[in-house]
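K.L.:
Questions regarding the structure given below will be posed in turn.
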Number of protein chains: 4
Amino acid sequence: MGFAMAELLLAQGHQLFVYNRAHEKAQPLHEAGARIAGTPFDAAREAEVVISMLADDTAVEAVTFGAAGILAALQPNAVHVSCSTISVALSDRLAAAHAEAGLGYVAAPVFGRPEAAVAKKLWLLAAGKAADVERALPALEALGRGVTRLGETASVANLVKLTGNVFIASMIESLGEAFALTRKAGVAPELFLELFKNVFGQGSLILENYASQVARDRYEPAGFKAKLGLKDLRLALSAADQLEVPLPTASLIRDQLLSAVATGQGDLDWGVIARMAAKRAGL
Amino acid sequence: MGFAMAELLLAQGHQLFVYNRAHEKAQPLHEAGARIAGTPFDAAREAEVVISMLADDTAVEAVTFGAAGILAALQPNAVHVSCSTISVALSDRLAAAHAEAGLGYVAAPVFGRPEAAVAKKLWLLAAGKAADVERALPALEALGRGVTRLGETASVANLVKLTGNVFIASMIESLGEAFALTRKAGVAPELFLELFKNVFGQGSLILENYASQVARDRYEPAGFKAKLGLKDLRLALSAADQLEVPLPTASLIRDQLLSAVATGQGDLDWGVIARMAAKRAGL
Amino acid sequence: MGFAMAELLLAQGHQLFVYNRAHEKAQPLHEAGARIAGTPFDAAREAEVVISMLADDTAVEAVTFGAAGILAALQPNAVHVSCSTISVALSDRLAAAHAEAGLGYVAAPVFGRPEAAVAKKLWLLAAGKAADVERALPALEALGRGVTRLGETASVANLVKLTGNVFIASMIESLGEAFALTRKAGVAPELFLELFKNVFGQGSLILENYASQVARDRYEPAGFKAKLGLKDLRLALSAADQLEVPLPTASLIRDQLLSAVATGQGDLDWGVIARMAAKRAGL
Amino acid sequence: MGFAMAELLLAQGHQLFVYNRAHEKAQPLHEAGARIAGTPFDAAREAEVVISMLADDTAVEAVTFGAAGILAALQPNAVHVSCSTISVALSDRLAAAHAEAGLGYVAAPVFGRPEAAVAKKLWLLAAGKAADVERALPALEALGRGVTRLGETASVANLVKLTGNVFIASMIESLGEAFALTRKAGVAPELFLELFKNVFGQGSLILENYASQVARDRYEPAGFKAKLGLKDLRLALSAADQLEVPLPTASLIRDQLLSAVATGQGDLDWGVIARMAAKRAGL
């Protein structure tokens, strides 16, 4: 991922010092115009903006706080842009450590896989002090098709990135249950896939529309009532039971809809299960 | 919904007898060229194809098996196309009853809301005996942008429709959890929505790509390893815990990923949680 | 089970007609004084009280409604005591059918396995019209160590029996998670069992005390606060995560406690998770 | 809790230095013969065995590692017995710190509430180096009705204590679901409580018997087959659905039983759901 990002920056005329633990991996970037640094310290010490993209908390800690790390190297007013998917706790710690050292810090995790990075199709988040984010923006904009700014608390960007990954994982689980159920009913996976793409794939507005509804938190008038949704969940679980296919997510949602109906919300749109998720959190 | 479907058929030159329990609702269709029937029996008795679109099992039973119902009215070789979202059990019963009476029966539930129907953007399923489906196809094709044929067992189409609704409900629950979490972290819902649309909205291939992976059931080489997914779920749940936001779906998936790692599948793509859903079902 | 019940009744001087599908199984009861009937009808036609104990709904339907069944055989004022674990729906149907025929019907499912029956240690439920239950009581009291009367709606007894079985299954799941976790931490199952018996086994009041608290629905003053319970669930889940042991029940409860704290109930006794279960049901 | 433990030790002739953050709370112990210390350091510096019983990780860290803490005070060969319910991670850290300082450390969490402590009815765990546990044993035996030794890794005792608390919480959730369901069916909570005590209360062997089965991991011959258990869970969930009572634990278990049947284990005893919990953990 880091490689693709470096290529993009070079291609757009940015000057780059590159550091990678496996030095040989950085070699092609040298040929494309980057200077290669032997340590994170060397890569960072003359930079206005340092971008780190690493595997996990441990790697980010090592590269930032280590003896030959970024924190010790940065010039006053330089900004460390952390693109890694890391914990909220570490991001808070990084924000505090950079602030204390008079350095800028922006959390800027990205959505998209390396293939998307190559095509400049990443979507980036950015959170941190406004002045820091301003300085980081040209680099961030060079890295993808857009940036969403998420305010002054850097770790909020990390939380949002993690939320996005949880959402993807939820979709995989739901897909798993859907394919298992239809496959056991005799539908070939390829056929179900074709149908799925036609209904839910690229071009579908279903997900977007429900997201809009949840953002507005309005469930009247109902496009599809919770009590009808409950009916369908019951029918699906009953059919799955006959076919001996456990559907844990479906059971969980049936319980939400059942509770919605039991507490007098059956005539609201079934999007109300999102409101119930908020209420459970004390919102 | 039925109204929009009737309009589409009329607009495309089909001759229509229309029955609705609330007769006045059908009146505008009369002006558009349909004849209005006083009972389901009257609507059905001269028809080659009867399309029923009703709220639930009870309504379909009444309209089909009742004294003035469809089953008693149909001419030999006529086909009953049932577009309602009903139970697998009732669809099986309908198939048997029509077969016994020498009549055709096609289960043809639809994806899309009334607005989509108006714009001829529904997606239709069709299952039943091949000859029956053939006779129903012109009407079905007039009703939407495409039809997926699902074989000879009519109720499979109903199961697939229910599966789709479960999938939508899963997305709402996941959206609810995502908005609750980010909102409690201080992100305005509108801002999260904007980001969400950019990453997961219309135009995104994420869902489609994961669906393809699940259909292929191939998790090597890994685009994103299960053990890294587990890491992210842990970080998200930890942050949610701090913010006091329960994420039941996320916990469920964390458990799947934990089990994937515990059973030696941590280096596979995290799509493997879909395979685990299949294994739990004995597939 | 039926065999043990029959022996108990004979031993206490009751006169018995016995029917079992496998006639030879009833033979020893003949030697103990019972008369053997060739059909349910023959067993029932002279009886004041008929007791049925069968495997499932299907068997009870056959023996009750069949051509040679109980319903056709019973004398006016005779009572059918149904001890089988059957559905609420079938029990309602049985109640209606017996009432219509002028016959008594008591739902009397039992807690305990065959070994307990032999030792007269079953616990019995009884629901139905008061007069019916009165006539059934001598037989029920002969069958176990006690009877709980559950009012006039027979199927309530069936629901309560099913609830008890769900409770047992919950304990097994919780035991499974506890043994898996401790075993993976290196504790021999036998050792954990010994400890478990000392803390939770016969003689322990823990379960009884919590049941009393839930029945009273009083969570103040707190013996153990929800927020401390949340702390322990977090620590347990964290340790389980390290050991790669999924604990779905623990996650579910962590979410309840998290929601309790998020909604301002953290200082109540952690028994409040039972109140939340009631609220979800609209109580 | 600490107060009751101190009283027990004094009553059995142990010499005690007592420290409590709220000094006045310790006063009655002074009258019973204890000497009162102004700091943890003072309480610990002459002791052979120091027992700490505190609210959480933070308190234990403060009292142990603080400037006036236990670790700095202890004489060589003295043993710190930590009875608090703390994290596995902190217990590991305590074990390492004490070992490094040449001091003994025993994790000895307890089961039971303060009332049980007063009556010497606590049950204690003990884990740590054998020699340390030996030195701690007289004190531990003075504190309750028994001690289970859990080997040389101290933190295993903490894990087992947490597991016990998870088990209790699971029972509360299951009780909550059971009372909600029966209450909504019209059964008075007091009546269900009475029944519950008779079937599952003190004197019942049900829990103990299932624990033994799980410890043995033997599910043949079946006392109650998984497929029959599945039948009962289905019937219970169906009845709960009618009454609009969500039963998340029951749904979770239904899924386990469904998977058991789908994977060919339906004829095993339903205790097999415990084995499935172990398998998910890679055991």
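The values are calculated or read from the model by the stated rules, or taken from the named source; none is laboratory data. All of these numbers come straight from a predicted model, not from anything done at the bench. Heads up, the Cβs are rebuilt from the backbone with ideal geometry, glycines too, and the neighbour counts pull from every protein chain shown.
K.L.:
If A:ARG135 passes every condition in (1) within 16 Å of the chain's Cα centre (by Cα); (2) touching a residue at least 60 places away in the same chain (Cβ under 8 Å) but one, which one does it miss?
P.N.:
So the condition that A:ARG135 fails would be (1).
K.L.:
Which of (1) more than 26 Å from B:PRO114 (Cα to Cα); (2) modelled with pLDDT under 95 is the odd one out, the single condition B:ASP92 does not satisfy?
P.N.:
Every condition holds for B:ASP92 apart from (2).
K.L.:
Does A:GLU194 satisfy the condition of being of a type outside the set (Ser, Thr, Tyr) and without any contact (Cβ under 8 Å) to a residue 40 or more places away in the chain?
P.N.:
So A:GLU194 passes the test.
K.L.:
Please give the number of the condition B:LYS231 fails out of (1) buried (at least 19 other Cβ atoms within 10 Å of the Cβ); (2) touching a helix residue (DSSP H, G or I) at 6+ places or on another chain (Cβ under 8 Å); (3) of a type in the set (Lys, Arg).
P.N.:
(2)
K.L.:
Of (1) within 30 Å of B:LYS279 (Cβ to Cβ); (2) of a type outside the set (Lys, Arg); (3) without any contact (Cβ under 8 Å) to a residue 12 or more places away in the chain, A:ALA281 satisfies all except one. Which?
P.N.:
(1)
K.L.:
Which residue is nearest to the other protein chains (Cβ to nearest Cβ), if the candidates are limited to the range C:115-155 and must be surrounded by fewer than 23 Cβ atoms within 10 Å (Cβ to Cβ) and among the β-branched types (Val, Ile, Thr)?
P.N.:
It comes out as C:THR148.
K.L.:
Also, quick follow-up: What are the pairs with Cβ atoms under 8 angstrom where one residue, in the range A:158-178, is more than 7 Å from chain B (Cβ to nearest Cβ) and the other, located anywhere, is among the hydroxyl-bearing types (Ser, Thr, Tyr)? Sequence gap at least six, or different chains.
P.N.:
Filtered contacts from the range A:158-178: A:ASN158/A:THR85; A:ASN158/A:SER87; A:ASN158/A:SER91; A:LYS161/A:THR85.
K.L.:
Something else: Just one of C:ARG45, C:ARG35 is buried (at least 17 other Cβ atoms within 10 Å of the Cβ) and over 28 Å from the mean Cα position of the chain (by Cα); which is it?
P.N.:
When all the criteria are applied, what remains is C:ARG45.
K.L.:
Still on this structure, please answer the following. Determine, yes or no, whether B:LEU247 is aliphatic (A, V, I, L, M), within 19 Å of B:ALA185 (Cα to Cα) and either out of contact with any Leu (no Cβ under 9 Å at 6 or more places or on another chain) or surrounded by 21 or more Cβ atoms within 10 Å (Cβ to Cβ) (or both).
P.N.:
yes
K.L.:
Next question. Among the residues of the range D:152-166, is any of a type in the set (Asp, Glu) and assigned by TED's automatic domain parsing to the domain that holds D:LEU8?
P.N.:
Within the range D:152-166, one or more residues are of a type in the set (Asp, Glu) and assigned by TED's automatic domain parsing to the domain that holds D:LEU8.
K.L.:
Let me ask something else about it. Could you check the range A:24-55 and list, in sequence order, the residues that are closer than 26 Å to B:LYS227 by Cβ and not β-branched (Val, Ile, Thr)?
P.N.:
Once the filter is applied, which keeps residues that are closer than 26 Å to B:LYS227 by Cβ and not β-branched (Val, Ile, Thr), the range A:24-55 yields A:GLU24, A:LYS25, A:ALA26, A:PRO40, A:SER52, A:MET53, A:LEU54, A:ALA55.
K.L.:
Examine the range D:200-214 for a residue that is in contact with an Asp or Glu (Cβ under 6 Å, 6 or more places away or on another chain), surrounded by fewer than 21 Cβ atoms within 10 Å (Cβ to Cβ) and under 24 Å from C:TRP123 (Cβ atoms), and state whether such a residue exists.
P.N.:
Looking for residues that are in contact with an Asp or Glu (Cβ under 6 Å, 6 or more places away or on another chain), surrounded by fewer than 21 Cβ atoms within 10 Å (Cβ to Cβ) and under 24 Å from C:TRP123 (Cβ atoms), one finds at least one in the range D:200-214, hence yes.
K.L.:
Select from the range B:86-109 the residues that are facing another protein chain (nearest Cβ under 10 Å) and surrounded by fewer than 24 Cβ atoms within 10 Å (Cβ to Cβ) and write down the one among them that is farthest from B:ALA142 (Cα to Cα).
P.N.:
B:ALA89
K.L.:
Within the range D:96-106, can one find any residue that is closer than 21 Å to D:LEU29 by Cα and more than 16 Å from the chain's Cα centre (by Cα)?
P.N.:
If we filter the range D:96-106 for residues that are closer than 21 Å to D:LEU29 by Cα, which is where we start, we get none.
No, every residue in the range D:96-106 fails to be closer than 21 Å to D:LEU29 by Cα and more than 16 Å from the chain's Cα centre (by Cα).
K.L.:
While we're here: Where residues in the range D:250-274 are surrounded by fewer than 24 Cβ atoms within 10 Å (Cβ to Cβ) and touching a residue at least 24 places away in the same chain (Cβ under 8 Å), which of them is farthest from D:TYR219 (Cα to Cα)?
P.N.:
Per the stated criteria, the residue is D:VAL261.
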